[in-house]
Every structure is written in C-alpha cells, then in structure tokens.
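Trainee: The structure is given below, and queries will be raised subsequently.
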Amino acid sequence: MGRSRNTRRGSAAAVEEPVDGGTARLEPDPDRDRAWTLLIDGAPQSHVDLDDPAWLSFEYQRRIGHVIDLLAPPGRPVHAVHLGGGAFTLARYVAATRPRSSQQVVERDARLVQLVRRALPLDPNARIRVRSADARAGLAKVPDGWADLVVADVFSGARTPAHLTSAEFLDEVRRALKPSGVYAANLADGPPLAHLRGQIATAAARFGELALIADAAVLRGKRFGNAILVAADAPLPVADLTRRAASDPHPGRVEHGRPLTDFTGGAPPVTDETAVASPAPPPSVFG
C-alpha cells in the first residue's frame with residue numbers, strides 16, 4: 001500500500017508506491033481540484049485533471065493534443081493505440097473530445113496500471129482497453145489497418161527503449177495504421193541531437209509525410225527537451241499544426257519538408273541491429 005502525506009488541499013494527499021519501473025508518486029495539483037501529476041523516480045510523466053480530461057498541462061501532451069484535434073473533423077470517433085500509458089492522459093483526452101472512440105493502451109508496468117486505475121479511475125463509459133504488455137508486443141496484437149492514430153510515449157528510466165526506435169518497429173506501426181492513419185511519437189534528446197536526427201531519418205524511410213514540433217531551443221541543440229514527431233502517408237495539416245503550436249503557452253516550432261530532411265544531416269535510418277535507447281536527460285532537466 002502506498003504512503004501518503006497531507007498537502008495544501010485539505011483531504012487531498014500525495015500517493016507514493018513502488019511500481020515495476022521504480023517509485024511512482026501522484027502529486028495533487030494545488031491549483032486544480034482533482035488534478036494530479038504522475039512522477040516516476042522523480043521524473044514527471046503525466047498530468048491529468050479528472051474533472052476536465054480535455055485540459056492538457058504538459059507541453060508535449062498539448063502538442064500531441066493538436067495532432068489529435070486535427071486527425072478528423074471535431075468530435076468524430078477514432079480508433080487510437082497508445083504505446084505507454086502513464087496516467088492515461090491522452091486516452092482520456094481522446095475520450096473527452098471524441099466520444100465513442102475505441103482505444104487501446106499498452107503499458108508494460110502492470111503495477112503502475114493498477115495504481116492509476118485505483119487512484120485515477122477511468123470513465124466507465126470510455127471505450128478504453130488497457131493491456132499490460134511490452135509496447136512492441138502489444139502493438140503486434142492490433143489488427144491490420146485498425147488504427148487512425150498510434151501514439152508512442154514510452155520511457156524506461158527516462159529513456160525510450162532501443163527496440164521502439166527502429167525501422168522494423170515502424171513497420172509494425174504502419175501495419176496497424178489505416179492508410180489515412182497518423183503516427184505521433186514523443187522523442188527526447190539534447191545536443192548534439194544524434195538520436196533525434198536518426199529518428200527522423202528512420203521515419204522518413206517508412207512514411208511519406210513528416211513534421212516535427214519542438215521548442216526552437218531544442219531544435220537548435222541548445223538544451224535537452226521533447227520533440228513530437230508526426231508521420232503519415234497522407235498529407236499532414238502542417239499549417240494548422242504550425243498555428244496551434246505557435247499559440248501555446250510555451251510556443252513550439254514546426255519543421256517539415258526540405259528543412260526537416262536537411263535537419264537529419266545525412267543520419268542513416270535506425271534498424272533493430274543498430275538501435276540504442278534514447279539518451280538519458282541531464283539531472284538539471286528535473287531540477
């Protein structure tokens with residue numbers, strides 16, 4: 001059973017429990033009732049507001065939210081696969097903004113799934129199926145051409161596992177996607193951006209259309225941070241993504257086309273044989 005302590009919000013208390021991937025902590029948001037931040041070993045993973053699941057606090061989740069908003073006409077249900085569960089923030093967002101959507105969440109950490117289900121219960125009317133499995137193994141069970149959207153947001157010890165960075169992994173993503181489907185991946189890197197360049201080159205070898213959403217300082221290699229890779233075979237709504245990213249509280253830049261190709265600097269696609277985990281963030285990233 002988790003340990004708890006009193007906080008500023010009366011009866012709300014932080015919850016801390018061991019999970020398969022380390023120590024999970026749910027911190028109450030002092031500014032929003034029934035809102036929580038999930039941390040694993042001190043690294044922030046997700047933020048969710050149970051009263052308003054359409055509210056996205058984290059910068060990278062807002063950017064994926066823009067992709068979700070532009071995936072289909074407003075409110076239209078979609079089929080979505082989420083690799084990496086966290087607090088199920090983005091699955092809750094899809095359920096709130098696109099009712100009657102069918103979703104699958106694949107989260108390897110079974111004890112984390114149990115904690116989130118208990119402490120931050122899902123809407124019983126949401127069509128969200130949660131499977132405790134490795135992301136790539138869980139993706140392999142998705143029927144061919146089922147998904148409108150595949151989101152990859154998988155970190156182990158703050159690093160994306162190597163087997164989720166390869167062209168062979170993207171082959172599995174493409175198999176699960178509809179021809180009009182979209183892939184969105186949360187990538188993390190810092191100078192000299194070798195991982196990010198390799199991931200773009202890998203996606204370019206498998207998808208016809210790419211875009212990258214990130215803070216300008218991250219793209220210039222000035223600091224470690226998140227970047228959202230968006231890939232599809234159908235044209236992407238680049239102009240709308242650009243406007244939405246620019247209007248965020250922390251504005252982001254969208255790269256696509258030739259500038260994005262040039263950004264790779266000739267990096268080769270990553271294969272299962274050459275794949276390595278993404279770099280660990282410097283200690284300063286989490287304070």
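The values are calculated or read from the model by the stated rules, or taken from the named source; none is laboratory data. Fair warning: this is a prediction, and the values are worked out from it, not measured in the lab. Note that we place each Cβ from the backbone using ideal geometry, even for glycine, and neighbour counts take in every protein chain shown. Heavy atoms of the whole protein, side chains included, go into the accessibility calculation; ligands, DNA and RNA do not. Shrake-Rupley method; radii C 1.70, N 1.55, O 1.52, S 1.80 Å.
Trainee: With every protein chain present, what accessible area does residue 247 have (1.4 Å probe, heavy atoms only), rounded to the nearest 10 Å²?
Mentor: Solvent-accessible area, nearest 10 Å²: 90 Å².
Trainee: Could I ask something else about it? Cα centroid distance between the stretch 228-261 and the stretch 34-95, in Å?
Mentor: 18 Å
Trainee: If you build a Gaussian network model of the chain, linking Cα atoms that sit under 10 Å apart, which residue out of 231, 211, 194 swings the most?
Mentor: With Cα springs under 10 Å in the chain, the top fluctuation among 231, 211, 194 is at 194.
Trainee: Nearest-5 percent of antiparallel DSSP beta bridges in the chain? Mind showing how you got there, number by number?
Mentor: Details: 39 of 58 bridges.
Among the beta bridges of the chain, antiparallel pairing accounts for roughly 65 percent.
Trainee: Considering only the other residues whose Cβ falls under 12 Å of the Cβ of residue 108, what net charge follows from Lys and Arg at +1 and Asp and Glu at -1? Write down the numbers at each step before the final one.
Mentor: On the way: positive: 111, 131, 136; negative: 20, 107, 109, 134.
Around residue 108, the charge tally is -1.
Trainee: Hey, can you find the accessible area per residue of the chain for me, probe 1.4 Å, expressed in square angstrom?
Mentor: Details: 12910 Å² over 287 residues.
Heavy-atom SASA per residue in the chain reads 45 Å².
Trainee: Oh, and also: Could you give the size of the charge dipole of the stretch 105-158 about its Cα centre, using +1 on the Cβ of each K and R and -1 on the Cβ of each D and E, expressed in debye and rounded to the nearest 20?
Mentor: Values: 9 positive and 7 negative charges, 55 e Å.
Charge dipole of the stretch 105-158: 260 debye, to the nearest 20.
Trainee: Still on this structure, I have one more. Sequence gap at least 6, Cα distance under 8 Å: using those rules, report the relative contact order of the stretch 45-122 to the nearest whole percent.
Mentor: On the way: 92 pairs, mean separation 24.5, N = 78.
Reported as a whole number, the value is 31 percent.
Trainee: Determine the dipole magnitude for the chain: charges of +1 sit on the beta-carbon of Lys and Arg, -1 on that of Asp and Glu, nothing else is charged, the reference point is the Cα centre, and the result goes in debye to the nearest 20.
Mentor: The calculation lands at about 400 debye.
Trainee: Can you pull the percent of the chain's accessible area that's carbon plus sulfur, 1.4 Å probe, other chains left in place? Working shown, then result.
Mentor: On the way: 6550 of 12910 Å².
After summing per-atom areas, the C and S share lands at 51 percent.
Trainee: Please report the accessible area of residue 274 (heavy atoms, 1.4 Å probe, ligands and nucleic acids excluded) in Å², nearest 10.
Mentor: 90 Å²
Trainee: Something else now. Keeping all protein chains in the complex and leaving out DNA, RNA and ligands, what accessible area do you get for residue 16 with a 1.4 Å probe, in Å² to the nearest 10?
Mentor: Solvent-accessible area, nearest 10 Å²: 40 Å².
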